[in-house]
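Reviewing the structure listed below.
Here, each number is a calculation from the coordinates, and none is a lab measurement. A quick note: this is a predicted structure, and the numbers were derived from the prediction, not measured. Because the Cβ atoms are built from the backbone with ideal geometry, glycine has one as well, and the counts that use them run over all protein chains shown.
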Amino acid sequence: MAINLELPEKLNSTVERARLAAEHIFRPISRKYDKAEHEYPVELDELGKIAKQARGGDKDADKADESAEETVNGANLRSVLNARELGWGDVGLMLSIPYQGLGNAAIAAVANDEQLERFADVWAAMAITEPDFGSDSAAVSTTAVLDGDEYVINGEKIFVTAGSRADHVVVWATLDKSVGRAAIKSFVVPMNADGVTVARLEHKLGIKSSDTAVVRFEDVRVPAENLLGTPEIQVKTGFGGVMQTFDNTRPVVAAMAVGLGRAALEELRRMLEESGHQVDYDRPVAAQHAAVAEFIRLESDWESSWMLTLRAAWMADNKQPNSTEASMSKAKAGRTVTELTNKAVEIGATAAFSETELLEKWARDSKILDIFEGTQQIQQLIIARRVLGKTSAELK
């Protein structure tokens, strides 16, 4: 199957809906919540209700596509288009929309039909990282012990996006530390369960409108059916189901970076043109102003980020293994958006460095897009393993 890069008309409504929200809801309050860290953006409540209602309709449309078409443009493509537009508006506010948490993406990726129905109306955060590890997801030390028909969870998670706002959290925990990564499973845990506490909220460089929490689990009991995927420990494939979440979410993070990058490019272009430097694609780059030449280079990197993101999402929709492509899109987009926003601040000089424009905020916000869901270094390591045919034990 080949990818047609012309987006299907059926997704125009997704793009238009997200663009309107980004322009008329996010942008006007972007600076307000950048300065009011940890204050909940109440303006997003109505948007959350709309997103919740739309979720069911989108699933029905995707199922119809799968039965009617050989090539599918479904939930993953819809997600990256949505993320691109909302990322253009404000990344932190996008991460704060009710019922659109990273945990929801995890549930969508690995839950069975019964769980999809049972958790259809939850707002789920995702808890992976712990105080003793960052990108090495296999080092999970939070435990889940089966006791009758319940699991008892103990541990501490850090950097939990929407951790103090979501009503559920998807927790990565190990069933047996001695077995290694194969014993790691994910569990859907209600935030109001006995033993769940939000220990603190972090103060951050960027995305200040999004809360980032430390969450502790002390003898937290959840029903056995809240385990996502199979409860059996399968040494050869056990960790794969949990990691499949990243194959879905990494292209979404890449799309957020693409959206934020587009915002910075538009602002940089405006500044250049106001200074009398027109971008001319018909003239050699070397014959144009140095700042224009830099703009064209950054724009080409940005375009390639979007192409990689589209490919990763399309492959996921069409049931093609996309771990390599998901990491490629995340690595390229994360690296590009940080360079792009920082260069925009540099070229924009005093106007871009002050709070009169949003460029300085975008430069701060962009850094997380190269870190969470796997750092730049981790993505390169994953890509190298795939390309060279090495296991994680062979190439560290």
Scanning the chain for GluC sites (Glu not before Pro) in DSSP loops with at most 13 other Cβ atoms within 10 Å, what's the longest stretch left with none?
71-231
If the convex hull of the alpha-carbon atoms of the chain is projected onto planes in all directions, what is the mean projected area in square nanometres?
20.3
Are there trypsin sites (Lys or Arg not before Pro) in region 303-366 that DSSP puts in a loop and that have at most 11 other Cβ atoms within 10 Å, and which ones?
K319
Calc'd 3J(HN,Hα), region 173-187, phi into Karplus 6.51 cos²θ - 1.76 cosθ + 1.60 (θ = phi - 60°), Hz, glycine/Pro = x, comes to 9, 9, 7, 7, 4, 5, 7, x, 4, 5, 8, 7, 10, 10, 10
How big is region 245-290 in terms of Cα radius of gyration and Dmax, in angstroms?
15.7, 47
Neighbour-limited loop hits for chymotrypsin sites (Phe, Trp or Tyr not before Pro), region 274-340 (at most 12 other Cβ within 10 Å; DSSP other than H, G, I, E, B)
Y281
Could you give P(r) for region 292-385, binned at 10 Å from zero, as whole percent values over all Cα-Cα pairs?
17, 39, 30, 12, 2
Which number comes out as Rg/Rh for region 170-313 once both Rg and the Kirkwood Rh are worked out on C-alpha atoms?
1.18
Helix-only [θ]222 nm of the chain, DSSP H runs n ≥ 4, -39500 (n - 2.57) each, per residue, nearest 500:
-16500 deg cm²/dmol
Expected vector for region 123-132, Karplus 3J(HN,Hα) from phi with 6.51, -1.76, 1.60 and θ = phi - 60°, integer Hz, x for Gly and Pro, equals 10, 10, 7, 10, 10, 10, 5, 10, x, 9
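Can you give the net charge of the other residues whose Cβ lies under 15 Å from the Cβ of W306, counting K and R as +1 and D and E as -1?
0
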Average Cα contact separation per residue, region 156-230, under 8 Å, 6 or more apart, as relative contact order %
39
Given a 10 angstrom Cα cut-off, can you work out which residue in P231, P41, P284 is the most mobile in a GNM of the chain?
P284
